[in-house]
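To start, the structure itself, in structure tokens.
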Protein chains: 2
Amino acid sequence: MSEQLFPYTADMPRLVPRLDEQESAAWLALVSLLELLPSALDSQLQRDSELTHFEFAVLSMLKFAGEPIRMSELAAATSATLPRLSHVVSRLQRRELVEKVASETDRRATDVVLTDAGRRILVRATPGHIALVRRAVIDSLSREQLEQLTAIADSITNALDPDRRFAALVDGGLETRALRARSSTT
Amino acid sequence: MSEQLFPYTADMPRLVPRLDEQESAAWLALVSLLELLPSALDSQLQRDSELTHFEFAVLSMLKFAGEPIRMSELAAATSATLPRLSHVVSRLQRRELVEKVASETDRRATDVVLTDAGRRILVRATPGHIALVRRAVIDSLSREQLEQLTAIADSITNALDPDRRFAALVDGGLETRALRARSSTT
DNA sequence: TGCCTATGGTTGACGCAACAACTAAATGGA
DNA sequence: TCCATTTAGTTGTTGCGTCAACCATAGGCA
């Protein structure tokens, strides 16, 4: 009788140990999540606000920062590559949701700011988005599971990006900036 | 002093409650994961085996099943839409990694099987892929966290797809089939 | 039998992302 | 000062995914 039960436990050269049943279950569950959740986010935002989830994240970060941000900083904050961000920001600029400003301190650099229109779109898009996030994620989990999820996701992203090149910058760079920008307008 | 700390706690119409700090942390961590993990999987597989992660999943499911599978069944098993799968299977067919067979019982339906070449590619691609999955996910987590992850991911996918239209079919459809197919060749 | 709807799947157009190649400006020596 | 290297960002190409439209068959049911 064969022991070959799950796809990822299938026979293969044994340089790397196969996944046991528990590991396999966790991985398959995660893979399903990786397929389903992003499309759900994109289609809700696209339908209701003509934004991709990534565009929404970019606008959110800009609003959070409250002042112009370097492209490279924004890329790190959204876990994206610079080419990707560049294309997205160009599109958002064409729609007049953001503005590009040449940096004065470094003439290679580009800073990005949210326009008023961008802010309006974002504010309008947010409730529906949060509703989905709640329905799909937050409300399906207990408080304990929320903490577990945070720890688990952090472990994985840390393994994928040990140098924190794509770290969310919420603490560190952006956060202190955001507070500064905010207090200066108070 | 403003309490506006995280993007998702930003002010907005209050029809839907904002995320508190714990919810926000979990969500941001998950979003980073959703950006980083898929690209890591795709780029490893692409580099080493000229496969996307989704193509790998399709081939895996076919190997697991051990016999021709309905397109629609395969779509559910891989959490994909039928158009997406159709395109992918056509590409895989062009590369002679899978074969399409007209079903005899239902003349609208298409069944898909792994070719020998497809099996070889898959076997060659698997160790490197598993190595990444281990390095990034499995080995970063404790046994307890693996169980937590399974439960959490299942809750979320269940909320996103309550009718289980995109359920992995590992138990139920495919599993029993796979066992049957396997015992018939013993 | 004939129709009507539902199901299974394919196709083409369009939009977004990855990758590589490129320009321009800054930095760090010799 | 001059050159080499690194950093910041943009652009073009190519490939994949989504969506809508479509065709063909199956399954009621009158």
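Put simply, of A:L97, A:L85, A:L34, A:L15 the only residue that is modelled with pLDDT of 95 or more and under 30 Å from B:R120 (Cβ atoms) is A:L34. Among residues of region A:132-144 that are within 13 Å of B:D20 (Cα to Cα), those with a Cβ under 8 angstrom from a residue that is in a loop (DSSP other than H, G, I, E, B), sequence gap 6+ or separate chain, pair up as A:V133/B:L19; A:R134/B:V16; A:R134/B:P17; A:R134/B:L19; A:I138/B:L19. Checking each residue in region B:109-121 for being within 16 Å of DNA strand D (Cβ to nearest atom) and in contact with a strand residue (DSSP E or B) (Cβ under 8 Å, 6 or more places away or on another chain) picks out B:A109, B:T110, B:D111, B:V112, B:G118. If you go through region A:66-94 and keep only what is under 22 Å from B:L36 (Cα atoms) and either of a type in the set (F, W, Y) or more than 9 Å from DNA strand D (Cβ to nearest atom) (or both), you end up with A:A76, A:A77, A:T78, A:S79, A:A80, A:V88. Looking only at residues in region B:87-106 that are of a type in the set (A, V, I, L, M, F, W, C) and open to solvent by less than 70 Å² (accessible area, probe 1.4 Å), the one that is nearest to B:L62 (Cα to Cα) is B:V98. Could we say that A:E104 is among the charged types (D, E, K, R), in contact (Cβ under 8 Å) with a residue 60 or more places away in the chain and more than 10 Å from DNA strand D (Cβ to nearest atom) here? For A:E104, the condition - among the charged types (D, E, K, R), in contact (Cβ under 8 Å) with a residue 60 or more places away in the chain and more than 10 Å from DNA strand D (Cβ to nearest atom) - is not met.
Checking each residue in region B:64-86 for being open to solvent by less than 40 Å² (accessible area, probe 1.4 Å) and basic (K, R) picks out no residue at all.
Of the residues making up region B:56-103, those that are more than 8 Å from DNA strand C (Cβ to nearest atom), over 14 Å from the mean Cα position of the chain (by Cα) and among the small types (G, A, S) are B:A65, B:G66, B:A102. All conditions in (1) hydrophobic (A, V, I, L, M, F, W, C); (2) free of Cβ contacts under 8 Å to residues at least 24 places away in the same chain; (3) surrounded by fewer than 21 Cβ atoms within 10 Å (Cβ to Cβ) hold for A:A109, with the sole exception of (2). For B:P162, the criteria (1) more than 10 Å from chain A (Cβ to nearest Cβ); (2) more than 14 Å from DNA strand D (Cβ to nearest atom); (3) open to solvent by less than 40 Å² (accessible area, probe 1.4 Å); (4) farther than 13 Å from B:L59 by Cα hold in every case but one, which is (3). Is there any pair linking a residue in region B:27-52 that is open to solvent by 30 Å² or more (accessible area, probe 1.4 Å) to one that is among the basic types (K, R), with Cβ under 9 Å and at least six apart or on different chains, and which? Partner pairs satisfying both residue conditions: B:D48/B:R124; B:E50/B:R95.
Is it true that B:T110 is within 14 Å of chain A (Cβ to nearest Cβ) and near DNA strand C (Cβ under 9 Å from one of its atoms)? Against the criterion (within 14 Å of chain A (Cβ to nearest Cβ) and near DNA strand C (Cβ under 9 Å from one of its atoms)), B:T110 does not qualify.
The values are calculated or read from the model by the stated rules, or taken from the named source; none is laboratory data. All figures in this text were calculated on a predicted structure; none of them were measured in a lab. Heads up, the Cβs are rebuilt from the backbone with ideal geometry, glycines too, and the neighbour counts pull from every protein chain shown. Ligands, DNA and RNA are stripped out before the accessible areas are found, and what is left, the full protein with its side chains, is counted by its heavy atoms. Shrake-Rupley method; radii C 1.70, N 1.55, O 1.52, S 1.80 Å.
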